[in-house]
1. Check the range 23-38 and report whether any residue there is touching a residue at least 60 places away in the same chain (Cβ under 8 Å) and either within 19 Å of the chain's Cα centre (by Cα) or on the phi < 0 side of the Ramachandran plot (or both).
2. So SER29 passes all but one of these: (1) among the hydroxyl-bearing types (Ser, Thr, Tyr); (2) in contact with a strand residue (DSSP E or B) (Cβ under 8 Å, 6 or more places away or on another chain); (3) over 23 Å from TYR157 (Cβ atoms). Which condition number does it fail?
3. Does THR183 count as at pLDDT 50 or above, outside the structural domain of SER121 (by TED's automatic domain parsing), surrounded by fewer than 12 Cβ atoms within 10 Å (Cβ to Cβ) and under 28 Å from SER121 (Cα atoms)?
4. I need every pair where a residue in the range 193-217 that is at pLDDT below 60 has its Cβ under 9 Å from the Cβ of a residue that is surrounded by fewer than 10 Cβ atoms within 10 Å (Cβ to Cβ), sequence separation at least 6 or different chains.
5. In the list ALA57, ALA48, which residue meets the criterion of being farther than 21 Å from THR95 by Cβ and surrounded by fewer than 18 Cβ atoms within 10 Å (Cβ to Cβ)?
6. Taking only the range 1-18 into account, find how many residues are part of a loop (DSSP other than H, G, I, E, B) and under 12 Å from the mean Cα position of the chain (by Cα).
7. Under the condition of being under 26 Å from SER53 (Cβ atoms) and touching a Lys or Arg at 6+ places or on another chain (Cβ under 8 Å), which residue from the range 83-104 is surrounded by the fewest Cβ atoms within 10 Å (Cβ to Cβ)?
8. Condition test on GLY112, is it in contact with a His (Cβ under 7 Å, 6 or more places away or on another chain) and either surrounded by 13 or more Cβ atoms within 10 Å (Cβ to Cβ) or in the same structural domain as LEU140 (by TED's automatic domain parsing) (or both)?
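The values are calculated or read from the model by the stated rules, or taken from the named source; none is laboratory data. Quantities reported herein were computed from a predicted structural model and do not represent experimental measurements. Counting neighbours? That spans all protein chains shown, and the Cβs are built from the backbone with ideal geometry, glycine included.
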Amino acid sequence: MNILWIGYGKMGEPMAARAAAAGHTVQVSDMSRERCDAARANDLEVVAITPESAGQADVILTSLPNDAAALQLLAGVTSALSHVRAGALLIETSTISASASASIANIAQARGIGYVRGPVSVSVSGSVTAAANGALTTFLSGAHDAIEQARPIVGAYASNLVVVGDAEQARTMKLAINLMVTTLVASLCEAYTLCTKGCIEAGTACVTRPKHSSAATSRRRSPWRRCARTFS
């Protein structure tokens, strides 16, 4: 498939590399000159978002930093979708709100473009290394046919594809995961502070963990060990 990849950041770079290695033709667009140079260094063609580049794409895949960027590029008056042909597919992998995603969905539907919400769950499955190894987890929601069309591309960079619904459920699931991770980190910091204020030495607090801890919380990866620093 011909993919116009918009957003070549920390996660977009290894994901795009996986898609290209799977045999897809990947063209990259990014507002950063540095990121465009990185794409060229990885033998990917860099293009501007034009009627020609967008119109020739079978798939538009976006990896963007926030709601504002996603809405500007995908739901604005001069958005990339205004040049995309009917029958093409949009795979949107960013962590954005359900409301922003719904606005994009309205534009895609009006133009006859398939829309798959596919946020990548870095907190569940790793980060850049997992992306490079094709081992990410991604939550998918959208029309059944669009999800099936997206599978060969998403499967290039994610090994765990979790379909959660036909609308904005993937957005909600990703935000729920982020909430759980954030509250866990906050709880660990509070527990660490409690230990040190209770005259437990920092080293003892950081290596102590329940005996039934799973491999995911072994000494090598224990979240307690990540607390071994000075809190002000």
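1. Keep residues of the range 23-38 that are touching a residue at least 60 places away in the same chain (Cβ under 8 Å), which gives 24.
Applying the additional criterion that residues be either within 19 Å of the chain's Cα centre (by Cα) or on the phi < 0 side of the Ramachandran plot (or both) yields 24.
Scanning the range 23-38, I find at least one residue that is touching a residue at least 60 places away in the same chain (Cβ under 8 Å) and either within 19 Å of the chain's Cα centre (by Cα) or on the phi < 0 side of the Ramachandran plot (or both), so the answer is yes.
2. Condition not satisfied by SER29: (3).
3. On the way: at pLDDT 50 or above: yes; outside the structural domain of SER121 (by TED's automatic domain parsing): yes; surrounded by fewer than 12 Cβ atoms within 10 Å (Cβ to Cβ): yes; under 28 Å from SER121 (Cα atoms): yes.
Answer is yes for this residue.
4. Partner pairs satisfying both residue conditions: THR217/PRO210.
5. Working: ALA57 fails: surrounded by fewer than 18 Cβ atoms within 10 Å (Cβ to Cβ).
Within the list ALA57, ALA48, the selection yields ALA48.
6. Step one: of the range 1-18, the residues part of a loop (DSSP other than H, G, I, E, B) are 1, 7-11.
Now narrow it down to the ones that are under 12 Å from the mean Cα position of the chain (by Cα): 7-11.
Adding up the residues that qualify gives 5.
7. ALA86
8. no
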